[in-house]
Amino acid sequence: MPQPPRLTDRVALMRNRQRATGDAMFLCDVVADELHDRLTVVKKSFTEMAIVSGMPKYWGQFFPNAKAVLDEETLALDEGAHDLVVHAMGLHWANDPVGQLIQARRALRPDGLFLGAMYGGQTLHELRACLGQAEAELTGGLTPRVAPMAELRDIGGLLQRAGFALPVTDNLVQTVTYQSPLHLMRDLRAMGESNALAGRRRTMSAKSIFARAAQIYSENFMAEGGRIEATFEVIFLTGWSPGPNQPQPLRPGSATARLADALGVSETPLSVDGEPD
């Protein structure tokens, strides 16, 4: 059976991550704080934690007692070995995100917790649009330059497909300003988030494309003080490994109270054709 096309060039991704510098990791610092805040509201202690990421040294400073696991396609996780698995800022580069989630769920004990954080679909929508318009104008074609990222409404379905119970997703949107699009792209490189798409152009692009993209960017996404805006959306995923003590949905038709009574409103029965009687 033919293999599906690969989204990510893993060799290029690892090379990009090795170039990451600490002074450009401010968004990941925010994510780390958010993950810790979410753990503090869970009324449960965790003793066997694993953190999956592309930068073990960076994430290890926030979770020093966790087993560090590289976000390779096959995760180095033992089945049922952990009560908490955190997947930190790597799922948007995964060739098989559902497979990553399934492996994380299998590594959890019953009633174990999964927390994930990844960039979402609003991320860099300005840069994606400007580069696409500039390239289409100058070359008549398009080259993959910004990774496609999942929308919030789709992530809950991925958690369910992976077998998690009680799945919850939410997001955090940050607008960051830069002196110019060039400064934004330099920061992406320093974050380890520059282009690692398998279908990317392998030769140097014409400077005119980036010059035109910068012009379009400044015309359409200008912030105060002559700076430009860049959007970053982080999607947070929460799910539990199925366990015997978790709340279970009621069997359809087993309700003992009416919703209308709870809301204090009158109930209007429907006829067979769906119209009120």
Selection over segment 123-171 where residues are within 12 Å of the chain's Cα centre (by Cα), buried (at least 19 other Cβ atoms within 10 Å of the Cβ) and of a type outside the set (A, V, I, L, M, F, W, C) yields a count of 2
What pairs come up if the first residue lies in segment 152-181 and is over 23 Å from Leu84 (Cβ atoms), the second is of a type in the set (Asp, Glu), and their beta carbons are under 6 Å apart, counting only those six or more places apart or on different chains? Val173/Glu233; Thr175/Glu229; Thr177/Glu229
With respect to Ala190, is the statement that it is under 30 Å from Asp111 (Cα atoms) and open to solvent by less than 60 Å² (accessible area, probe 1.4 Å) true? no
Here are some conditions: (1) more than 16 Å from the chain's Cα centre (by Cα); (2) assigned to a helix (DSSP H, G or I). Ala32 meets all but one. Which one does it not meet? (1)
Which one of Asp78, Asp83 is more than 20 Å from Glu34 (Cβ to Cβ), buried (at least 18 other Cβ atoms within 10 Å of the Cβ) and at pLDDT 95 or above? Asp83
Does Asp78 fit the bill of being touching a Phe, Trp or Tyr at 6+ places or on another chain (Cβ under 6 Å) and over 20 Å from Thr169 (Cβ atoms)? no
The correct count of residues that are of a type in the set (Ser, Thr, Tyr) and open to solvent by less than 60 Å² (accessible area, probe 1.4 Å) in segment 193-226 is 4
Flagged in segment 50-75 as in contact with a strand residue (DSSP E or B) (Cβ under 7 Å, 6 or more places away or on another chain) and open to solvent by 30 Å² or more (accessible area, probe 1.4 Å), in numbering order, are Pro56, Asn65, Lys67, Ala68
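The values are calculated or read from the model by the stated rules, or taken from the named source; none is laboratory data. In this text the structure is predicted, and so the values were computed from the model without any measurement. Cβ atoms come from the backbone with ideal geometry, glycine included; neighbour counts cover every protein chain shown. Only protein heavy atoms, including side chains, enter the accessible area calculation; ligands, DNA and RNA are left aside. Shrake-Rupley method; radii C 1.70, N 1.55, O 1.52, S 1.80 Å.
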